[in-house]
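K.L.:
Before we start, here is the structure in question, set down as structure tokens.
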Amino acid sequence: MTTPKTGGCLCGAVRYSFTGEPLMQAVCHCKNCQRQSGSGWSMLVGLPKAAVEIEGEVTTYTDHGTSGDEVYRQFCPTCGSPVFTRVPSQPDMIFIKAGTFDDTSDFAPQIQFWTASKQDWIELEGVPGVPGNPG
Ligand SMILES: [Zn+2]
Ligand SMILES: [Zn+2]
């Protein structure tokens, strides 16, 4: 992935940039990602929090995963675009919704989560899947 990578929400109030290769590039088909995005999935990259610079304020919605653990879904309060996800078990990490990249052309998922709730018409060739959460 070419970095620094830049991106932001639909209205531009929230902007970010990061350097360094993401530690993870993934697609999530879970029902909560579908509901939050109004779409079939989330495209996610995971990065050390220290690698990401953020401008603008996000609103945090505290969601819960199937394990009951909190999932902080952060979105722009003006346009509603989901931009970041944080989890308390990985406080030094931040997950960015890769659909908000200015240039999404070099996003390359290495794994897909929650294939159990995947849309039938989505087929990602060569991307290993797990039926639920990672691990
Ligand atoms: Zn916005
Ligand atoms: Zn998900």
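The values are calculated or read from the model by the stated rules, or taken from the named source; none is laboratory data. Because the structure is predicted, anything quoted here is derived from the model rather than measured. Counting neighbours? That spans all protein chains shown, and the Cβs are built from the backbone with ideal geometry, glycine included.
Yes/no per residue for (1) of a type in the set (Ser, Thr, Tyr); (2) within 12 Å of ligand 2 (Cβ to nearest atom):
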{"site": "Lys31", "(1), (2)": "no, yes"}
{"site": "Ser42", "(1), (2)": "yes, yes"}
{"site": "Pro48", "(1), (2)": "no, no"}
{"site": "Gly65", "(1), (2)": "no, yes"}
{"site": "Arg73", "(1), (2)": "no, yes"}
{"site": "Gly80", "(1), (2)": "no, no"}
{"site": "Thr85", "(1), (2)": "yes, yes"}
{"site": "Ser105", "(1), (2)": "yes, no"}
{"site": "Glu125", "(1), (2)": "no, no"}
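K.L.:
Take the conditions farther than 19 Å from Pro109 by Cβ, away from ligand 1 (no atom under 16 Å from the Cβ), in contact with a strand residue (DSSP E or B) (Cβ under 9 Å, 6 or more places away or on another chain) and of a type in the set (S, T, N, Q) and apply them to Thr3. Does it pass? First the steps, then the outcome.
P.N.:
Details: farther than 19 Å from Pro109 by Cβ: no; away from ligand 1 (no atom under 16 Å from the Cβ): yes; in contact with a strand residue (DSSP E or B) (Cβ under 9 Å, 6 or more places away or on another chain): yes; of a type in the set (S, T, N, Q): yes.
It is false that Thr3 is farther than 19 Å from Pro109 by Cβ, away from ligand 1 (no atom under 16 Å from the Cβ), in contact with a strand residue (DSSP E or B) (Cβ under 9 Å, 6 or more places away or on another chain) and of a type in the set (S, T, N, Q).
K.L.:
Let me ask something else. For segment 109-128, which residues satisfy the criterion of being β-branched (Val, Ile, Thr) and either touching a Cys at 6+ places or on another chain (Cβ under 7 Å) or not in a helix (DSSP H, G or I) (or both)? Working first, answer last.
P.N.:
Kept after step one, since they are β-branched (Val, Ile, Thr), are these residues of segment 109-128: 111, 115, 122, 127.
Selection gives Ile111, Ile122, Val127.
K.L.:
Return yes or no: is Pro131 closer than 15 Å to Val27 by Cα, of a type outside the set (Val, Ile, Thr), part of a loop (DSSP other than H, G, I, E, B) and touching a Leu at 6+ places or on another chain (Cβ under 8 Å)?
P.N.:
Details: closer than 15 Å to Val27 by Cα: yes; of a type outside the set (Val, Ile, Thr): yes; part of a loop (DSSP other than H, G, I, E, B): yes; touching a Leu at 6+ places or on another chain (Cβ under 8 Å): no.
Taking the combined requirement at face value, the residue does not satisfy it.
K.L.:
Let me spell it out: the conditions are (1) part of a loop (DSSP other than H, G, I, E, B); (2) touching a Leu at 6+ places or on another chain (Cβ under 6 Å), and Ala26 meets all of them except one. Which number is the exception?
P.N.:
Of the numbered conditions (1) part of a loop (DSSP other than H, G, I, E, B); (2) touching a Leu at 6+ places or on another chain (Cβ under 6 Å), the odd one out for Ala26 is (1).
K.L.:
Right, here's the next one. Residues that are touching a strand residue (DSSP E or B) at 6+ places or on another chain (Cβ under 8 Å) and free of Cβ contacts under 8 Å to residues at least 24 places away in the same chain: does segment 96-119 have at least one? Outline the logic, then answer.
P.N.:
Within segment 96-119, the first condition is being touching a strand residue (DSSP E or B) at 6+ places or on another chain (Cβ under 8 Å), and the residues that meet it are 96-104, 107-115, 118.
If we keep only those that are free of Cβ contacts under 8 Å to residues at least 24 places away in the same chain too, we end up with none.
No, segment 96-119 contains no residue that is touching a strand residue (DSSP E or B) at 6+ places or on another chain (Cβ under 8 Å) and free of Cβ contacts under 8 Å to residues at least 24 places away in the same chain.
Matching residues to (1) under 11 Å from the mean Cα position of the chain (by Cα); (2) over 26 Å from Gly129 (Cβ atoms); (3) surrounded by 19 or more Cβ atoms within 10 Å (Cβ to Cβ); (4) free of Cβ contacts under 8 Å to residues at least 60 places away in the same chain:
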residue: Tyr16; (1), (2), (3), (4): no, yes, yes, no
residue: Gln25; (1), (2), (3), (4): yes, no, yes, no
residue: Arg35; (1), (2), (3), (4): no, no, no, yes
residue: Leu47; (1), (2), (3), (4): yes, no, yes, yes
residue: Glu55; (1), (2), (3), (4): no, yes, no, yes
residue: Cys76; (1), (2), (3), (4): no, yes, yes, no
residue: Val87; (1), (2), (3), (4): no, no, no, yes
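K.L.:
Taking segment 57-79 as the region of interest, how many residues are part of a loop (DSSP other than H, G, I, E, B), of a type in the set (D, E, K, R) and more than 15 Å from ligand 1 (Cβ to nearest atom)? I'd like the intermediate steps shown before the answer.
P.N.:
The initial filter retains those residues of segment 57-79 that are part of a loop (DSSP other than H, G, I, E, B), namely 57-58, 65-69, 76-79.
Those still in the list that are of a type in the set (D, E, K, R) too: 57, 69.
Pick out the ones that are also more than 15 Å from ligand 1 (Cβ to nearest atom) and you get 69.
Result for segment 57-79: 1.
K.L.:
With the condition kept exactly as written, say whether any residue in segment 88-108 is on the phi > 0 side of the Ramachandran plot, modelled with pLDDT of 95 or more and assigned to a loop (DSSP other than H, G, I, E, B). Give the derivation first.
P.N.:
Quick first cut of segment 88-108, residues on the phi > 0 side of the Ramachandran plot only: none.
The answer is no, given that none of the residues of segment 88-108 is on the phi > 0 side of the Ramachandran plot, modelled with pLDDT of 95 or more and assigned to a loop (DSSP other than H, G, I, E, B).
K.L.:
Here is a follow-up. All but one of (1) within 20 Å of Val130 (Cα to Cα); (2) in contact (Cβ under 8 Å) with a residue 24 or more places away in the chain; (3) of a type in the set (Gly, Ala, Ser) hold for Gly68; state the number of the condition that does not hold.
P.N.:
Unmet condition: (2).
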